[in-house]
Structures are given as C-alpha cells and as structure tokens.
1. For region 200-210, does any single residue satisfy the condition of being open to solvent by 20 Å² or more (accessible area, probe 1.4 Å), among the aromatic types (F, W, Y), part of a helix (DSSP H, G or I) and at pLDDT 95 or above?
2. Sort out which residues of region 239-253 are at pLDDT 75 or above, of a type outside the set (A, V, I, L, M, F, W, C) and open to solvent by 60 Å² or more (accessible area, probe 1.4 Å), and write them in order of number.
3. For region 154-199, name all the residues that are farther than 24 Å from T78 by Cβ, assigned to a loop (DSSP other than H, G, I, E, B) and without any contact (Cβ under 8 Å) to a residue 40 or more places away in the chain.
4. Within region 28-38, is even one residue open to solvent by 60 Å² or more (accessible area, probe 1.4 Å), farther than 21 Å from I206 by Cβ and at pLDDT 55 or above?
5. Could you check P92 against (1) more than 30 Å from P354 (Cβ to Cβ); (2) crowded, with 17+ Cβ neighbours inside 10 Å; (3) not small (G, A, S) and say which number it fails?
6. Listed residues R341, R358; which is of a type in the set (D, E, K, R), under 22 Å from A157 (Cα atoms) and at pLDDT below 80?
7. Of everything in region 319-331, what is within 11 Å of C97 (Cβ to Cβ) and open to solvent by 40 Å² or more (accessible area, probe 1.4 Å)? Give them in sequence order.
8. Within region 95-150, track down each residue that is farther than 23 Å from G58 by Cα, open to solvent by less than 70 Å² (accessible area, probe 1.4 Å) and part of a loop (DSSP other than H, G, I, E, B).
Amino acid sequence: MPPSATPTSRVEALDLLRLVAVLGVVLYHFGFWGPASHGVPQVALPWLTPIAKYGFLGVPAFFVISGFVIAYSAEGRTATGFAIARFSRIYPTFVFCMTLTFLVIVFLGPPHFDASAQWLANLFIAAPALGPPYMDTSYWSLVIEVMFYGWVALLIAAGLFPRRIDTIILVGLGITFANKLTMNAPLIEKLFLTDDSGFFAVGLLIYQFYRGRRGPILYGMLALSISTAVFQSIHKLVKLAPHTGGTFSEWAVAAICLGSIAVIFLATQVRRVPLPAGVTLAVGGLTYPLYLLHMQLGYVLFDRWAPANSVPLVVTIVLTTTLLAWAVWRYVEGPAQRWTREFLTGQASRLGWPLKLRTAVGSGAGGGAA
C-alpha cells in the first residue's frame, strides 16, 4: 500500500450511514414486522408498509460496514488483541441492553410477551443454542457478527488475514454457492455465514480499495462479491415469506442492495463531513445500543399504551429509545468497555500473549473500528 493511503482518522460518513441503516431496521420492525410476525396490531402502521417492509436490508448494510471496520480493526493486532478489542466493544453493552429489555418485559410484558428463563441463556448471545429464544429476535444478527469475528481471529492466528484476503474471500464464496446450490445444510449455513458472506466480503474489499489497492483482480473480486450479496439479499426473501406472505419485489431488493453498497463505498471516500466531530461520534456510538433496544422494548410499550391513533406514540417511543441509546453509549458503554479491555489486557499480559504485531499499521479508527 502507498504510504499516503494509511488511514489516520475515522471515516465519519460511515457513522452517519450506521444511523440510516438502523433507522431502516426500526422502520421495518415498527411499520411491518410486528403485525406480520407477532400478531400485535398496535404495532402496525399500515400506511408505511410499502416502504417499511424493505427496512430489513439495513442489516446487510451493517454487515458491509462491519467488513470494512473489522479489516481496519485487525490491522497491527494479534488474534488475542483483536479478540479483546471486539469482545470489549460488543459484550458489555449487549449485557446491559439485554438486561434492560428483560426487566421491561418482566414488569410490562404480559400478556403478549414473556421473558421467563431467558436471561441466563441470553448471556451466551446465541440463546437458541441452549433452548430458550432470544430476548429480542434482533440478536440473530449479532450472532452472525460474532461468527465473523471468530473467523477473522482464527485467520489472524493462522497468519492468513489479511495477507491472503483474496483466497479467503474466494473460499468463503465458494462454500456459499456450494451449499446454496446443493445440500443447503443449516450447519454449514451457520458456520460459514452462507446467508451473508457476500456482504462481509464487499466490506473487506472496499477497505482494500480505501487502503490504496487497485487493479483488475480487486475489481473482479468486488464484482463477484457484490453479485453474491445481491443473490443472498434476494434469497433471504424465501425465509421471510412464511412470516410475511411473500410481498416483496426482487427487483426492489436488488436495487436497494446495490444502492446501499454504492453509498457505503462513496462514504469511505469522504474524509470529512460538515458536522462537528462530537456529533458524528455520538451518532455512530448510539446506533449499536439503539439496535439492541428498539424492537422488543418498543413492542412492549406499544402493546401496553397504544391509543387508537398510534402514530404519536410511535414517534415518542422511537425518540425515547434513541435518547436511551445515547445515554447507554455516553454513560455505560465507554466505562464498561474500558474496564473490560483493561482487565482482559492485564490477563493476556500475565500469560505472555502479545496484543500487537511488531510491525503495526495505522493509527486511527475508521467508522468506529476500535
């Protein structure tokens, strides 16, 4: 990579896109998914359905951003350092938000919602593997993220990431198509992320471009990965159909997927946005707790207090959960991350496990990478 390509600051535009993506998911859950899957009519905003039903594509957009951010986060770190950085970033906030959702369900949830025997299992994040359901079904995407982090950590430990990034992506996409077009085995799907591998691959390759790489191989890899992502976004409709009646346009899904990737790519080329740095930092920071809190907590509140005209209540609850997410980011997430990182770093030091490679690269954070 040319020296001028070394990242030195956050990609602030990605923080703004994170908020756009999470608001798309909020729109999907409050304007479409609730009545479609939970049978809770108070959640329905039927006049928003034609637009809201495509908000689920905010999650794949997160995966593209995650591929970019994780490629940065892995630079200069050993597998141990990467694992500590990722665990500190996601787990303390997850436990706090999951516990808050649990308490709201316990005290306000009946008759439609129940959280019995779920809290302990959800500490594992992938609660269904232990029997109980997710505290909030939005957590499924967090399991995908953790699996992606796990693969990156293993590949770093093996000395393959990022040096063999093209080979890694080709193998991953090959497994994806082999599984999708043949046996469609659930175990392979979960283990190798065959529903979402294209989105992560696109993010990884956009980071390669951001770092200064050019050439026909990169462009060919990008074309293959984008094509896979579009295929996977359309394939997701098959899984949504039993819950939603198959009311989606495949052309619209493909167009939104391509548009999202294009916007994310362009955002990585914008080095500064015309907003105070503190604002973009807060916007990027609140998106994770907002994603964790909005759905089940919002459904419970809707079900408890929805009036005949639910629009004012929808707006109030979305604004309230956004403010709550900001408070979690501002007053809980930072201290919890620092304490967790310092504790785990101390343990790694005592065991003699290095956290950084001897030739570390980069010195900033891209779109909340650290």
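1. yes
2. If the condition is that a residue be at pLDDT 75 or above, of a type outside the set (A, V, I, L, M, F, W, C) and open to solvent by 60 Å² or more (accessible area, probe 1.4 Å), then K239, T247, E250 are the ones that fit.
3. Across region 154-199, the qualifying residues are L181, T182, M183, N184, A185, T194.
4. No, because not a single residue in region 28-38 is open to solvent by 60 Å² or more (accessible area, probe 1.4 Å), farther than 21 Å from I206 by Cβ and at pLDDT 55 or above.
5. Answer for P92: the failing condition is (1).
6. R358
7. L324, W329
8. Answer for region 95-150, where residues must be farther than 23 Å from G58 by Cα, open to solvent by less than 70 Å² (accessible area, probe 1.4 Å) and part of a loop (DSSP other than H, G, I, E, B): G109, F113, A115, Q118, L123, G131, P132.
The values are calculated or read from the model by the stated rules, or taken from the named source; none is laboratory data. Predicted, not measured: the structure shown is a model, and the values here were computed from it. With ideal geometry, Cβ positions are generated from the backbone for all residues, glycine too; neighbour counts draw on all protein chains shown. Heads up: the accessible areas ignore ligands, DNA and RNA and are worked out on the full protein's heavy atoms, side chains in. Shrake-Rupley method; radii C 1.70, N 1.55, O 1.52, S 1.80 Å.
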